[in-house]
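Just so you know, all these numbers are worked out from the coordinates, no wet-lab data involved. Computed from a predicted model, the values in this text were never measured in an experiment. All Cβ positions, even for glycine, are placed from backbone atoms using ideal geometry, and neighbour counts span all protein chains on display.
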Amino acid sequence: MTRPRVLVIGCGFGGIEAVRALSKAEVEITLVDRTNHHLFQPLLYQVATAGLSAPAVSAPIRHVLRPQMKRGNLTILKAEVRAIDVAGRLATLDGGEQVAWDHLIVAAGATHSYFGHDEWARHAPGLKTLADAFDIRARVIGAFEHAERAQATATRDAWMTFVVIGAGPTGVEMAGTMSEIAQHTLSNEFRRIDSTRTRVILLEGSDRVLGAFVPALSEKAREQLVRLGVEVRTGSKVTGIDAEGVTYETGSGAAATAQRLGCRTVI
Ligand SMILES: Cc1cc2nc3c(=O)[nH]c(=O)nc-3n(C[C@H](O)[C@H](O)[C@H](O)COP(=O)(O)OP(=O)(O)OC[C@H]3O[C@@H](n4cnc5c(N)ncnc54)[C@H](O)[C@@H]3O)c2cc1C
């Protein structure tokens, strides 16, 4: 008798748990991921802000699942799944190869959303992959280098203004860490600019940070951010992002007022 074939898509927390749980069962497992590493996303913001290096938050998937590989019923493929034929029980990979399955586990994760404004992606990258973290790190460190070179005050100020949009856990972590970098890590690194004068502005559409938490914790988080030097602006809905800055709205209805922040780095 042939063993049932299980196809697992994704080697994040979900996919790894599925493989571990099934590896002792009488099944043939194929794990497919477009990368060959497991990524610990909760600490990705540290890579984006140069606090940690990539190997600290990622590990080769063949290494992570070595015990399961030894059992002889796991195959790992680095490939992107392009299509799933549910009726035919086939997945098509980026090279056109097909993987047949009896049971399918889709653990492909989530992606960020620009809420209908995909054109903002160019100016304000999301943070889900190592590539995203490297991109943000280059922008953040690069902004200080540009500021040091800038000759006009307005240009220097724009490079030293960082806007983080969204005060969920990731936005709060990013804003706090960026302020710490500016206030402490880089404080003696430059000559023309004073990095402690950097502005980190956290914009949030709702009336408090960390909206999924109880109000008392939101307030504690806001206080800590302010102590770290972050300007927290709640009730601020972003309406535009371009290469020169961010436009947002405060108030609502007839009382709505458009605001503009000149900045070169938006997260
Ligand atoms: C910056 C950040 C901070 C976070 N902080 C926390 C925290 O503090 N606490 C907490 O509990 N959670 C946190 N989270 C959320 C948590 O990390 C995620 O919920 C979790 O990683 C999701 O796991 P997953 O297995 O569902 O997906 P993922 O870890 O996203 O894995 C999905 C995998 O699928 C692969 N994949 C996707 N599509 C395809 C395809 N078509 N073909 C092949 N492979 C594909 C991807 O390459 C990826 O490896 C954070 C997330 C982020 C981004």
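The figures follow:
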quantity: GNM result for the chain, Cα springs below 10 Å: residue of Thr234, Thr185, Thr153 fluctuating most strongly; calculated: Thr153
quantity: Most to least packed among 108-119, 46-57, 192-203 [average Cβ atoms within 10 Å]; calculated: 192-203, 46-57, 108-119
quantity: Electrostatic dipole magnitude of the chain [Cβ: Lys, Arg +1; Asp, Glu -1; Cα centre; debye, to 20]; calculated: 600
quantity: Estimated [θ] at 222 nm from DSSP helical runs (n ≥ 4, -39500 (n - 2.57)) normalised by residues in the chain, nearest 500; calculated: -8500 deg cm²/dmol
quantity: Residue-span extension gain [His103 to Phe13] - 0.36 nm each, minus C-alpha spacing; calculated: 30.5 nm
quantity: Size of electric dipole in segment 160-267: Cβ of Lys, Arg +1 and of Asp, Glu -1, about Cα centre, debye, nearest 20; calculated: 200
quantity: Bridge type composition, segment 1-119 - antiparallel percent by DSSP, nearest 5; calculated: 40
quantity: Computed FRET value (nearest 0.05) for Asn188 with Glu80, which takes r as the C-beta separation and R₀ as 51 Å; calculated: 0.70
quantity: For segment 56-122 and segment 166-214, distance of Cα centres in Å; calculated: 34
quantity: Set of lysines near Lys78 by C-alpha distance (under 19 Å), chain-local residues within fewer than 8 positions excluded; calculated: Lys70, Lys128
quantity: Under 10 Å, Cβ to Cβ, from Lys237 - net charge with Lys/Arg +1 and Asp/Glu -1; calculated: -2
quantity: Whole-number D in µm² s⁻¹ for the chain, Kirkwood Cα-pair radius fed into Stokes-Einstein, 37 °C, 0.692 mPa s; calculated: 156
quantity: Cα Rg, Dmax, segment 5-106, angstrom units; calculated: 14.7, 47
quantity: Calculated P(r) of segment 118-266 - Cα pairs past 19 Å, %; calculated: 53
quantity: Rounded to 5, the percent of DSSP beta bridges in the chain classed as antiparallel; calculated: 45
quantity: Cut-off 13 Å between beta-carbons: net charge of the residues surrounding Val8, Lys and Arg +1, Asp and Glu -1; calculated: -2
quantity: Mean shadow area of segment 168-215, taken as a quarter of the surface of its Cα convex hull (nm²); calculated: 3.9
